[in-house]
1. Given the structure, is ARG215 over 26 Å from LEU145 (Cα atoms), of a type outside the set (Asp, Glu), touching a residue at least 24 places away in the same chain (Cβ under 8 Å) and touching a helix residue (DSSP H, G or I) at 6+ places or on another chain (Cβ under 9 Å)?
2. Please count how many residues of segment 247-297 are more than 15 Å from ligand 3 (Cβ to nearest atom) and assigned to a helix (DSSP H, G or I).
3. Filter segment 68-98 down to the residues that are within 16 Å of ligand 2 (Cβ to nearest atom), outside any strand (DSSP E or B) and crowded, with 20+ Cβ neighbours inside 10 Å and list them by number.
4. Tell me whether segment 27-40 contains one or more residues that are more than 18 Å from ASP446 (Cα to Cα), in contact (Cβ under 8 Å) with a residue 60 or more places away in the chain, in a loop (DSSP other than H, G, I, E, B) and among the charged types (D, E, K, R).
5. With respect to ARG288, is the statement that it is buried (at least 19 other Cβ atoms within 10 Å of the Cβ), more than 14 Å from ligand 2 (Cβ to nearest atom) and within 29 Å of LEU430 (Cα to Cα) true?
6. Restrict the check to segment 49-61 and report whether at least one residue is of a type outside the set (A, V, I, L, M) and without any contact (Cβ under 8 Å) to a residue 60 or more places away in the chain.
7. Scan segment 343-357 and give yes if some residue there is part of a helix (DSSP H, G or I), farther than 26 Å from PRO55 by Cβ, more than 16 Å from ligand 3 (Cβ to nearest atom) and touching a helix residue (DSSP H, G or I) at 6+ places or on another chain (Cβ under 8 Å), otherwise no.
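Please treat every number below as a calculation from the coordinates, not as lab data. Nothing here was measured: the structure is a model prediction, and the numbers come from that model. Here Cβ is always computed from backbone atoms with ideal geometry, including for glycine, and neighbour counts include all displayed protein chains.
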Amino acid sequence: MVQPFDLVLRNARAVTASDTFLTDIAIQDGRIVQLGLGLGVARRELDAAGRTVTPGGVDAHCHLDEITSGPVRMADDFDSGTRSAACGGTTTVIPFAAQRRGHSLRAAVEAYRQRAEGLAHVDYAFHLIVTDPTPAVLEEELPALIAEGFTSFKIYMTYDDMKLDDGQILDVLAVARRHGALAMLHAENADCIQWLTRRLLAQGHSAPRYHAQARPMLVEREATHRAIALAELVDVPILIVHVSGREAVEQIQWARTQGLQVFAETCPQYLFLTAEDLGIDESYHGARCVCSPPPRDRANQDVIWQNLRNGLFTVFSSDHAPFRFDGTEGKQPGGQQVSFDHIPNGIPGLETRLPLLYSEGVLGGRISANQFVELTSTNPAKAYGLHPRKGSIAIGSDADLVVWQEGRHVIRNQALHHNVDYTPYEGMELKAWPALTLARGAIVWDGQFHPQRGHGQLLRCGLHSLLPRPPVP
Ligand code: DUC
Ligand code: ZN
Ligand code: ZN
């Protein structure tokens with residue numbers, strides 16, 4: 001007798017990065033096992049007729065339960081963060097295991113592994129953050145960790161406790177080259193920011209809105225160019241994260257015309273927020289939208305849209321960095337309204353990333369549904385060595401799927417599932433929201449959240465597959 005499948009989604013309009021096709025999707029043991037119309041019976045059947053179905057989102061840049069200093073704490077751990085991800089259609093998250101100066105990278109991985117253990121509702125992997133590239137880190141720890149599936153690392157060019165100087169960056173890039181890992185660069189010029197910050201504060205300008213003035217496009221443009229030059233010197237691909245506007249985009253375009261392998265990521269805040277969201281007066285309200293690089297203006301938003309459409313950007317991530325506005329642990333550390341340079345950097349966005357881009361990008365006629373899938377799922381999976389297990393609707397891939405419901409949906413923080421007390425997008429009217437999310441075949445969202453704590457597995461990443469590899473001789 002033929003065994004029924006665990007689950008079949010019937011008559012889906014499946015969208016991948018390359019194709020759109022009508023199909024049933026049969027799922028067994030958390031994987032897609034058959035595609036085609038008229039598939040056999042299942043223990044559970046769901047009708048997706050008339051609905052678009054995309055691969056679950058891969059959010060390749062988010063911060064969960066990162067260790068912070070002083071009274072400040074991230075609002076989301078691996079439980080609430082992955083809950084929020086699932087309810088917004090994201091089925092894989094890649095947060096960071098951040099090295100602390102004076103400590104080993106291995107210790108960071110172990111600490112974050114423990115922080116995530118048994119909590120996640122969807123699958124997760126880790127990028128490393130290298131803050132102290134000692135000989136032991138460069139020669140022993142990084143190579144060993146890459147071999148164990150931690151194949152990407154972030155390098156900060158700003159923040160006193162994180163930044164590397166150019167020589168250190170070259171050292172880390174050389175390791176990436178040798179082992180095929182992917183380096184992600186946070187490109188802002190630290191000295192310029194510090195100089196501008198001192199001047200602004202000396203003039204009594206301490207409100208949140210001055211955050212944007214302390215980090216103008218110039219500081220991002222310069223660091224983007226420098227990152228590209230350093231990567232050129234080492235001859236290694238890099239990915240520039242959270243690109244905010246025209247001047248940084250131009251540097252990346254230039255690099256591409258030189259034949260350099262420079263990839264780029266952008267985020268919802270550079271499409272939907274502007275510097276005005278940090279405030280137009282001295283009020284503290286705008287601390288909610290303080291993130292780095294800061295949101296720019298409408299003209300820069302247009303540039304980001306154009307370059308999502310024309311393929312300059314490879315990845316669209318949330319850069320979810322969750323801090324509560326009220327209380328003592330978030331945007332008001334110790335309950336104080338602090339000067340802009342002491343406001344914790346980051347905004348929430350795990351749950352809203354996909355709906356924002358699907359609604360305003362796909363249904364708004366700016367990008368195709370295939371491009372949406374490529375940017376939010378397939379390319380991040382390829383960039384971080386998770387493809388084809390993640391990022392596609394294909395036989396053998398994990399059954400990570402989103403069924404879309406088109407129709408008016410107003411974003412309300414009270415309906416979101418993160419642990420942050422606001423969303424920057426409160427009241428925004430969207431044209432769609434996920435009706436259903438499957439994470440390795442488990443229903444985690446169908447208008448209600450269905451907890452699967454511990455279902456999420458730690459993924460070991462392979463090497464990125466964004467570029468063709470030379471044939472094996
Ligand atoms: N950079 C990030 O990538 N995330 C949050 C804050 C920051 O500066
Ligand atoms: Zn960053
Ligand atoms: Zn980030």
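1. Considered against the rule, which asks whether it is over 26 Å from LEU145 (Cα atoms), of a type outside the set (Asp, Glu), touching a residue at least 24 places away in the same chain (Cβ under 8 Å) and touching a helix residue (DSSP H, G or I) at 6+ places or on another chain (Cβ under 9 Å), ARG215 comes out as yes.
2. 21
3. MET74, ILE94, PRO95
4. yes
5. Details: buried (at least 19 other Cβ atoms within 10 Å of the Cβ): yes; more than 14 Å from ligand 2 (Cβ to nearest atom): yes; within 29 Å of LEU430 (Cα to Cα): yes.
In short, yes.
6. Within segment 49-61, the subset of a type outside the set (A, V, I, L, M) is 50-52, 54-57, 59, 61.
Adding the requirement that they be without any contact (Cβ under 8 Å) to a residue 60 or more places away in the chain leaves 50.
Yes, segment 49-61 contains at least one residue that is of a type outside the set (A, V, I, L, M) and without any contact (Cβ under 8 Å) to a residue 60 or more places away in the chain.
7. Within segment 343-357, the subset part of a helix (DSSP H, G or I) is 353-357.
So of that shortlist, the ones also farther than 26 Å from PRO55 by Cβ come out as none.
Scanning segment 343-357, I find no residue that is part of a helix (DSSP H, G or I), farther than 26 Å from PRO55 by Cβ, more than 16 Å from ligand 3 (Cβ to nearest atom) and touching a helix residue (DSSP H, G or I) at 6+ places or on another chain (Cβ under 8 Å), so the answer is no.
One line per residue, one yes/no per condition, for (1) under 15 Å from VAL122 (Cβ atoms); (2) in contact with a helix residue (DSSP H, G or I) (Cβ under 9 Å, 6 or more places away or on another chain):
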{"site": "ALA14", "(1), (2)": "no, no"}
{"site": "SER18", "(1), (2)": "no, yes"}
{"site": "ALA49", "(1), (2)": "no, no"}
{"site": "VAL58", "(1), (2)": "yes, yes"}
{"site": "SER80", "(1), (2)": "yes, no"}
{"site": "ARG83", "(1), (2)": "yes, no"}
